[in-house]
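Chemist: Take this structure first; my questions come after.
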Amino acid sequence: MDWYMMNCELLATCSALGYLEGEVYHREPDCLESVKDLIRYLRHEDETRDVRQQLGAAQILQNDLLPILVQYPQDKVLFDAIVRLMVNLTQPALLCFGKVPADAASRHHFLQVLSYLQAYKEAFASEKVFVVLSEKLYDLLQLDWEQRQEEDTLLIERILLLLRNVLHVPPDPTEEQGVDGDASVHDRVLWALHISGMDDLLKFLASAQVEQQWALHVLEIISLMFRDQNPEELAALGQGPAGAEHGEDTRELETLRQRELAEKRARALQRPSRHSRFGGSYVLRGLKSIGDRDVVFHKGLHNLKSYSHDLGKEPQRVPRRRQAAPESEPSRRSARNVRLFLRHFCQDFLEGCYNRLMLLVKDQLVREKAQQHDETYYLWATAFFMAFNRRRGFRPELVSETVSVRAFHFIEQNLTKYYEMALMDKKEATTWVRRMHLALKAYQELLRTVQEMDRSPEQAVRDSSQVIKSNIFYLMEYRELFLTLFRKFDETKQPRSFLRDLVETAHLFLRMLERFCRGRASLVVQSKRVRRKKKPRAPTALAPPPPSTAELEELWAGLAPQLQACLEGEVPLPEDVVPFDAASETPVEEQRAEALLRIQGCLRRSQVPQALRLLRSARDVWPEGDVFGAADAGPPEETRLLREILVAPLPRNAPPEPEEPEDEEEEDEEEEEETVQVSEKEFNFLDYLKRFACAPVVRALVLLLRGYARNSPRTNHCAARLLHRLARDLRMEPLLFQLSLFALFHRLLSDPAAGAHQELVALAKFILGKFFALAATNKKAFVELLFWKNPTAVYEMTKGYGSLQEGEEAPRSRVPPWTPQEEQELRELYWKYKEVEGEDIIAAILAHLPSPGRTRRQVVKQLVRMGLASSARDFPRERKGTRIVLWTQEQEEELTRLFEEFQGSDDVLGNIMKHLTARRSRARVVEKLLGLGLVSERKELYKKRRRKSHGHGPGTAATGVPAVPAQDSSAEDEDSEEEEDEEEEDEVEEGPMEENWAPEEGAGQGLAQRLHQEGLAGPLRWLENCLRRAAGDREEDGVSHPVPLVPLAEENEDAMEDRRFQRLLRQLGLRPPASEQESFWRIPAALTPRQLRRAAASVAHHGPDPSGAPRDLPEPPQCPQDPGPGEGPGWGCGTSTSGDGPEPLSLCPSAEQLPAELGSDSESEEPVPVPVPSPVQSGTKRRRELDSEDEDGGSSAPSPLPPPTGPGLAPAAPCSEEDEEDEDPQPRGRRKRVRCLEEDEEEEEEG
């Protein structure tokens, strides 16, 4: 920017400062006022920072401000104003713009301001400037606390801020291109700071008791001073002979020289003995070109090694979002004299300031007295000075403040926070990763310090190390940290230096943990397990019970005089009453029901004027249908309407449900509740190491080793050692059979300088040897090179594919997988019912799906997985509720006429719903029929189901199977009932069962067996436990109440939505939800404990277990059960030797207890003995029922258990051939656990 482009007022102000003549600066009389004007201009600059740019282009700081500062330090007011202005001018560009601008114009202004700051920093590389600043700061610090004024404290802070701003300016890479050892601008500033004695003042501020308020300022300045320094190189400076400092440089040069010599030898061997004017053409046999012919090579044979199909191709451009993250700052070595000064500063700082300063900073961070992200300076100081102390004659007492379990915890907390924020805050992920890198380096240095403490000659230091390690290795968070960082490593966000430190730290942690475990017989560590269980959403507060008719009549009697006064005009009506909510998302036409509820609420709260005003306003808004009365309604009509609204049973709207999330995994209306279970377990190092055997860890190690030539020997050693642990210690060599790693091995083995990487060469030869040995037996190993592998794939590659499933039976999934045939049927049903309007697609699919047992949630998930739907929100659940309006006189007459017309039909309510003009819900129609007195009980409206008669008695079916009640369906009708229309299903579900109905003997047993075969064994056991628990509670209390069946487990909840399972509940006599206020099925109060045990016996499973044990082996003797009153000894295992009757035996030790199911609400029941049929009772009714089910082709009943043998037990009677034919063939397998069930005595079949 030129002078003529400068603002006129700004130019005049700058001219009024003074002028420089030679080395002497002459200030003008208005110099102080001009400085204050410049401060005011900077305060009001625009977003492009125009004033700052103009002042930078005019070089005001170099030509005016610094000479004034140097020549007039005695003028306190002017000095203070100059420092204020320079602090503002040297403010970092990031603070000026907030962040690096994205658009080109703003980025140009940002870079322009940054260039001016770099010029300012070069101007500050002057001893005179720092001498003046240090002297002024020294004079201020000499003042006692009582003598120090507020202006003095502000000046101290401004000098420290000015120093911070100057050191914060980044270097200019285009200007500073010198080699290591040259003095850069930053080095010159540091040297001027050292010559002026400012470093001693910083050490005083860090150690003085009265200056602790400047702790964070000092720590920030020190971190900027050592920004380009390596603590280990700084500590090694000056140790040993003079040439030892250049040892690393010498090794690097030697490696480059070896590579160059090897390349020269290779070229000499490839050069032909006689020079040929023509290169010639060659055919490469076996290497196909684009067509079917071999490649023709037109160059010399010495160039054949570099041939590739990629020659001549343009390299594929990598998008910016997929490019590797750049390194933060390139490393550079400062001038030797600057490094010597910094080394002495570190020594003095560690001996006199480190522990105290770190304590103060930690206290301010914990108490949140610092600014945001100031903990990064604490993390940097921890890593830097502990590394310096470790390398420079390790003295643990110098860093005792940061060597503790609390320091580990603080760093781990910040590292975890940065990691989580990097995942959530995508825009600022790079910044969070940089902070995470600082925390990782601090964590690494803590581990190295603890490792160094183990080698200390002092026993107290070694004991402290053992205490720290026992605490670190015990907690799970520290062990899981590296696994998490490896699995979430992203090379586009995290630079290679972060990966290098992560690998080195993980290697160090594993080595320390291995040695710690090696010296102990057993190690107990903490284990945390997060359990996620679904909890139902918080239920809404139940509304108070509606008032009775008598209470409403009494209330109306009290409201009538007040209403009469309002109608006559004696009581004024409110004017600001609106019957609808204009801001609601519900249209005004659909808010009539809410208006009725508001009128009813006003009446029940005795607010008659508001109710009357609402009625008249609603009549004006909704005149159609005369719902709120006719337009010319008089006082009598309004009185009648208000009375009807008061006594009408208007349903209250349920609270709005939250929107269902788009993820199909959260379709159901439940939320997950996480509970952390903390326990202790014995630690196994190999089991912990197996968790590193995964693709993300191997991929990260391979990525690091790609730059093995640039890596340090320690980095290559750590990466190779980790790979060796996975391959050798865990015997998982196939885990490293990956093509990218083999390409790296090929480049390594062909590298002329491979001699410098012997450890990597040995690892490569070992892995390649294992691969070719496996490839000799497994031809698919070459294909496996294309994929990253896990331990399961490694096992199958070595033991044979499919061996894992054969050797170790995998736990079966609770949800059966979808076969290709089922997916095709689901696809056809979806396209069939997709275009049907007014019908629930999922309900239609479930009704016609051939495979039973599928739930709505499973079908929706599969549709989303197959790509037929985008998310579960495409299939919203049908919301119950109707638009409530009052019954008019015409509608009541129509309802009465329809009832009289269909009174004698089988489905009274269904026919009425079909022919009713106004759409009403079933519940409203039933309530109105009861209110009109047309029916006295709800059961008169239930649909009458007709049973098929085969000429048998009313109590038995064709083969002796007991008849089921009218609400239930027989086993033969199950398939046909699945295809009933939705209207009939709703009718059956809404109609509650009769309370006095009791299930008959064996009801639902066949259906329960089929459900057990279909994978519903868990819900059946839960139902059996609930029935037995209810029976026991009723026996103890002597009182019967309806007991709801609340499914807590997801498996039980899915079963309660299954139609076949609901049919079983009806057969057992359980009652569905009677109204909208009920959500769960209930065990009726009319069922006695004896009937509940009968129902539990029907649900109990007696079938064999398909596990593979021979069925012909005799079972252990079962346990008898105490016979009930009037019960014979037929169900016992044996008879008593005395003649007094059967004596019950104790429970056999072979009888095992079943674990409690997830759905049980209390502790599991005690194991109940299983009834074992005696051979003398082969003609009982139960046996004939099982035989009849076999003959009818129903579900196969379990064959009778073989009679027990033993002392005191009756001998087994041989089964006849006829009995053997009747029994269904059972699969060979060990029978499941046997449980005896209490049953009443079976009646003999009538002759």
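Chemist: Roughly to the nearest percent, how much of the accessible area of segment 30-122 is carbon and sulfur, given a 1.4 Å probe?
Modeler: 51 percent
Chemist: Using a Förster distance of 41 Å, how high is the FRET efficiency between residue 750 and residue 427, based on the Cβ-Cβ distance and rounded to 0.05?
Modeler: 0.40
Chemist: Also, quick follow-up: Can you tell me, using C-alpha contacts under 8 Å and at least 6 residues apart, the relative contact order of segment 425-523 as a whole percent?
Modeler: 34 percent
Chemist: Solvent-accessible area of residue 194, probe 1.4 Å, all protein chains present, reported in Å² to the nearest ten, please.
Modeler: Its accessible surface works out to 60 Å², give or take rounding.
Chemist: Apply the Karplus parameterisation 6.51 cos²θ - 1.76 cosθ + 1.60, with θ equal to phi minus 60°, to every residue of segment 768-783 and state each ³J(HN,Hα) to the nearest whole Hz, in sequence, with x for glycine and proline.
Modeler: Karplus values, whole Hz, x for Gly and Pro: 5, x, 5, 5, 5, 5, 6, 5, 5, 9, 10, 5, 7, 5, 5, 6.
Chemist: Could you sort 474, 378 by their accessible area in this structure, using a 1.4 Å probe and putting the largest first?
Modeler: Heavy-atom accessible area, descending, gives 474, 378.
Chemist: Moving on to the next point. Any chance you could look up the accessible area of residue 639 with a 1.4 Å probe, heavy atoms only, rounded to 10 Å²?
Modeler: For residue 639, solvent-accessible area is about 40 Å².
Chemist: Can you give the local net charge around residue 37? Use residues other than it whose beta-carbon is closer than 14 angstrom to its beta-carbon, Lys and Arg +1, Asp and Glu -1. Let's see the in-between values first.
Modeler: Working: positive: 36, 40, 43, 84; negative: 9, 28, 30, 33, 45, 64.
It works out to a net charge of -2.
Chemist: Using 0.36 nm per residue, how much length does the chain from residue 511 to residue 30 gain when fully extended, once their Cα-Cα distance is taken away?
Modeler: Values: separation 481, 0.36 × 481 = 173.16 nm, distance 7.03 nm.
In short, 166.1 nm is gained.
Chemist: Using only the heavy atoms of the protein chains and a 1.4 Å probe, how would 432, 788 rank by accessible area, largest first?
Modeler: I get 788, 432, largest accessible area first.
Chemist: Still on this model: Quick check on segment 394-478: take the gyration tensor over C-alpha atoms, sort the square-rooted eigenvalues as a ≥ b ≥ c, and tell me if it's rounded (a/c under 1.5), prolate or oblate. Present the calculation step by step, with values, prior to reporting the outcome.
Modeler: Numbers: a/c = 3.61, a/b = 2.30, b/c = 1.57.
In terms of gyration-tensor shape, prolate.
Chemist: Using the structure shown, select from 76/128; 799/861; 264/765 the pairs with a Cα to Cα distance greater than 28 angstrom.
Modeler: Beyond 28 Å between Cα atoms: 799/861.
Chemist: Separate question: Please go through the residue pairs 288/779; 690/780; 681/780; 136/369 and name each one whose alpha carbons sit more than 31 Å apart in this structure.
Modeler: 681/780
Chemist: Moving on to the next point. Let me cross-check residue 198: its accessible surface, 1.4 Å probe, with only protein heavy atoms counted, in Å² to the nearest 10?
Modeler: For residue 198, solvent-accessible area is about 0 Å².
Chemist: Then there is this: What chymotrypsin sites (Phe, Trp or Tyr not before Pro) does segment 106-209 have in DSSP loop regions with at most 16 other beta carbons within 10 Å?
Modeler: Filter output for segment 106-209: 145.
Chemist: Each label point is 7 Å from the Cα along the Cα-to-Cβ direction; what then is the distance between the points at residue 287 and residue 676, in nm?
Modeler: Result: 5.9 nm between the two label points.
Chemist: How much length, in nm to one decimal, is gained on full extension between residue 768 and residue 260, taken as 0.36 nm per residue of separation minus their Cα-Cα distance? Don't skip to the answer; put the middle values down first.
Modeler: Working: separation 508, 0.36 × 508 = 182.88 nm, distance 2.76 nm.
Extending this stretch completely gives an extra 180.1 nm.
Chemist: Still on this structure: Order the following by accessible area, largest value first: 819, 376. Probe radius 1.4 Å; ligands, DNA and RNA are ignored.
Modeler: Reading off the accessible areas and sorting them downward yields 819, 376.
Chemist: Loop-only GluC sites (Glu not before Pro) in segment 374-457, please: DSSP not H, G, I, E or B, and at most 15 other Cβ atoms within 10 Å.
Modeler: Within segment 374-457, the qualifying GluC sites (Glu not before Pro) (loop, at most 15 other Cβ atoms within 10 Å) are 428.
Chemist: At 0.36 nm per residue, and after removing the present C-alpha to C-alpha distance, how many nm does the segment from residue 135 to residue 463 gain when stretched out fully?
Modeler: Full extension from residue 135 to residue 463 adds 113.3 nm.
Chemist: Here's a follow-up. Which distance in nm do the two modelled labels at residue 145 and residue 484 give, with both placed 7 Å along the Cα-to-Cβ direction?
Modeler: About 4.2 nm separates the two model spin labels.
The values are calculated or read from the model by the stated rules, or taken from the named source; none is laboratory data. Fair warning: this is a prediction, and the values are worked out from it, not measured in the lab. Quick reminder, even Gly has a Cβ in these numbers, built from the backbone with ideal geometry, and neighbours come from all protein chains shown. Surface accessibility is based on the protein's heavy atoms, side chains included, excluding ligands, DNA and RNA. Shrake-Rupley method; radii C 1.70, N 1.55, O 1.52, S 1.80 Å.
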